[in-house]
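Colleague: The structure that follows is given in the form of structure tokens.
Any read-out appearing in this document is the output of simple, stated calculations on the displayed coordinates, not a laboratory observation. As the structure is a computational prediction, the values presented were derived from the model and not from experiment. Heads up, the Cβs are rebuilt from the backbone with ideal geometry, glycines too, and the neighbour counts pull from every protein chain shown.
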Amino acid sequence: MRRATDHLLARQDAQGWWKGDLETNVTMDAEDLLLRQFLGIRDEQTTQAAALFIRGEQGADGTWATFHGGPADLSATVEAYVALRLAGDAPDAPHMARASAWIRDRGGIAAARVFTRIWLALFGWWKWDDLPELPPELIYFPKWMPLNIYDFGCWARQTIVPLTIVSAKRPVRPAPFALDELHIDPALPNPAKSLAPLASWDGAFQRLDRILHGYRKVAVRRLREAAMNTAARWIIERQENDGCWGGIQPPAVYSVIALHLLGYDLEHPVMRAGLESLDRFTVWRGDGARMIEACQSPVWDTCLAVIALADAGLPADHPQLVKAADWMLGEQVVRPGDWSVRRPELPPGGWAFEFHNDNYPDIDDTAEVVLALRRVRHHDPDRVERAIGRGVRWTLGMQSKNGAWAAFDVDNTSPLPNKLPFCDFGEVIDPPSADVTAHVVEMLAVEGMSHDPRTRRGIEWLLAEQEPGGAWFGRWGVNYVYGTGSVVPALTAAGLTAAHPAIRRAVGWLEKVQNDDGGWGEDLRSYADSAGWSGRGPSTASQTAWALLALLAAGEHDSKAVERGVEWLAATQLPDGSWDEPYFTGTGFPWDFSINYHLYRQVFPLTALGRYVHGEPFAAAKGG
């Protein structure tokens, strides 16, 4: 525990924050090169550095996966292959020939997801007519109308608005090479054109898409141009101070393309700031390889680091904890964002995930920041109390009508966006989840609000969401181990005893899925096959810690399961005090988009060891 503490303290930035690398998959790197090719700014040094990283992620069979040890993914393999062609890799080179043969065997480009085919359409490698239509007039839909932009989760909303401009413009840049080797025989069925039955939602929306393709031919030009200009204003109004959009890479990429298509040159301040923000997503590795982060997680990493260090016994007034608290206090969002569309009277007060993201603070970060601030003895306690008061008020105001909390929005639960032909990749809505709700309940309990009716509604929702086997689904972390590791500490903090049936079922499940080596692990395949993969996978430091946090909260300090888990963490710690964790234990979209938070392997084991040695924090709150 002391070694892990020293290691984590040494990683703090001089400004007070922590940030680990946020690793996703090679589509980020491939799309970055395609963007630069589209804009005419791709350079050889950047290209070769990206290609070095992409080649290093290729499997022996020539394919690319979306997470470590995962199955080959068609779209990721197509995009990586194209990026390597941009870097000059010959199609008949062995590693390229293996990839193209595998792609053709899986249906070729036609079987890839919509977003992959959009990138290829930008260069004429795919026909715009064979893509779902996304009319810019969508920007005019009032918020009471189905499929208005606020029916989409914030990440999807920020992506879809610029893509309506791209879809309307249908640009085609000269392709630097042909991609015939990725197409199958055109006489074979095209999966992109097959229709589901009319009586199904999928079939209905597919036919609606055909109607929209027809509408494109008769759309009033002045209306369409006005819609694109309105969309452009919407985009520019949401550009952050650092030039990015929402602090995440995909909306930034599509926003830059959309504005460029509307005539914004690369030297325009909006464009220049946008491109500079994308450069900040770059991680240069020691071998010269260049990896692109999908986003950056300093607020999340910092609050988790503070909790870990405090629980490990660092004094509450330790200078590095105070510096971290100062930085977090400065990051509180104090102006309205898109969340205020549904909560117009609610004063702001949340925290976002990233360095700059005033439009989209999230409830998960806000709850954890409050918990972190409560662990620090700050020299200006009144300032801390004011910030916490704003954060708690905002969080309570973001409670959905079912009593639970989502990540970014309130009641963002319409089933329709997921049915659109355009939305064939990942989640596009933001319904409440057990992990976020648990973090809010734990925070409210620490704030002395265990018996508040709003907290009780959250608790009731969590109890109703428990799986028959005793676990909880993990929306933002993998998966049932994360959900259970989040919920059990929250429920006990709010006053449920260790003898409560829900707690006992959770303990039984965790004991059942503990690995023979004493650790816990869960593969991302549990999202696609919960029966076969729930709680199953190689042991990891972060997932072992999550299981221990639940068991310790449930009063299992002296149990054999806890002893074996702590022994596993101690035995696998590296000499420098860190842990190695190649496996992806974070979630962007369940199954579709996975994340390896490089600081998870450090903060969560330290938190678990700290609570094992020193006991549960805020024990007085458990009586509520």
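Colleague: Given H placed 1.01 Å from N in the peptide plane, which residues other than close sequence neighbours of W245 have an amide H under 5 Å from its amide H?
Modeller: E240, A252
Colleague: Which is farthest toward the positive dipole end of the chain among Y264, A312, L510, measuring Cα position about the Cα centre, with Cβ charges +1 (Lys, Arg) and -1 (Asp, Glu)?
Modeller: Y264
Colleague: Oh, and also: Could you give the alpha-carbon Rg of the range 25-292 over 2.2 N^0.38 Å, rounded to two decimals?
Modeller: Compared with the compact-globule rule of thumb, the range 25-292 sits at 1.03.
Colleague: Do any trypsin sites (Lys or Arg not before Pro) in the range 76-132 lie in a DSSP loop with no more than 13 other beta carbon atoms within 10 Å, and if so, which?
Modeller: Sparse-neighbourhood loop trypsin sites (Lys or Arg not before Pro): K127.
Colleague: Of the options S277, G62, Q399, report the single residue whose Cα projects farthest towards the positive end of the charge dipole of the chain (beta-carbon charges: Lys, Arg +1; Asp, Glu -1).
Modeller: Q399
Colleague: For F593, list long-range residues whose amide hydrogen, built 1.01 Å from N in the peptide plane, is under 5 Å from its own amide hydrogen.
Modeller: Distant-sequence amide H within range of F593: G588.
Colleague: Run the numbers on the range 402-480 and let me know its relative contact order in percent, using alpha-carbon pairs under 8 Å that are six or more apart.
Modeller: 33 percent
Colleague: Okay, moving on. Mind jotting down the distance between the C-alpha centroids of the range 7-75 and the range 465-541, whole Å?
Modeller: 30 Å
Colleague: What list of ³J(HN,Hα) couplings, whole Hz, do you get for the range 531-538 from phi and the Karplus terms 6.51, -1.76, 1.60, once you set θ to phi - 60° and write x for glycine and proline?
Modeller: In residue order, the calculated couplings are 5, x, 10, 4, x, 10, x, x Hz.
Colleague: Arranged from highest to lowest average of other beta-carbon atoms within 10 Å per residue, in what order do the peptides 129-136, 363-370 appear?
Modeller: Sorting 129-136, 363-370 by mean packing, highest first, produces 363-370, 129-136.
Colleague: Now for a separate question. In whole percent, what relative contact order does the chain give with Cα contacts below 8 Å and a gap of six or more residues?
Modeller: With pairs under 8 Å counted, the relative contact order is 16 percent.
Colleague: Short version: ³J(HN,Hα) in whole Hz for each residue of the range 130-141, in order, from phi by Karplus 6.51 cos²θ - 1.76 cosθ + 1.60 (θ = phi - 60°), x for Gly and Pro, what are they?
Modeller: After applying 6.51 cos²θ - 1.76 cosθ + 1.60, I find 9, 10, x, 7, 9, x, x, 4, 4, 5, 8, 4 Hz.
Colleague: Okay, moving on. Pick out, in residue order, every one of the GluC sites (Glu not before Pro) in the range 248-313 that is DSSP loop and has at most 16 other C-beta atoms within 10 Å; say none if there are none.
Modeller: E267
Colleague: Explain nothing, just the number: relative contact order of the range 438-617, from Cα pairs under 8 Å at least 6 residues apart, as a whole percent.
Modeller: For the range 438-617, the relative contact order is 21 percent.
Colleague: Moving on. Per residue of the range 446-455, in order, report the coupling 6.51 cos²θ - 1.76 cosθ + 1.60 (Karplus, θ = phi - 60°) as ³J(HN,Hα) in whole Hz, putting x for Gly and Pro.
Modeller: Couplings: 5, 7, x, 10, 4, 9, 4, x, 5, 5 Hz.
Colleague: Related question: Given charges of +1 on the Cβ of Lys and Arg and -1 on the Cβ of Asp and Glu, with all other atoms neutral, how large is the dipole of the chain about its Cα centre, in debye to the nearest 20?
Modeller: Dipole about the Cα centre, nearest 20: 1500 debye.
Colleague: Given H placed on each backbone N at 1.01 Å, which residues far from F353 in sequence or on other chains put an amide H within less than 5 Å of it?
Modeller: When sequence neighbours closer than 5 places are left aside, the close amide H contacts are D362.
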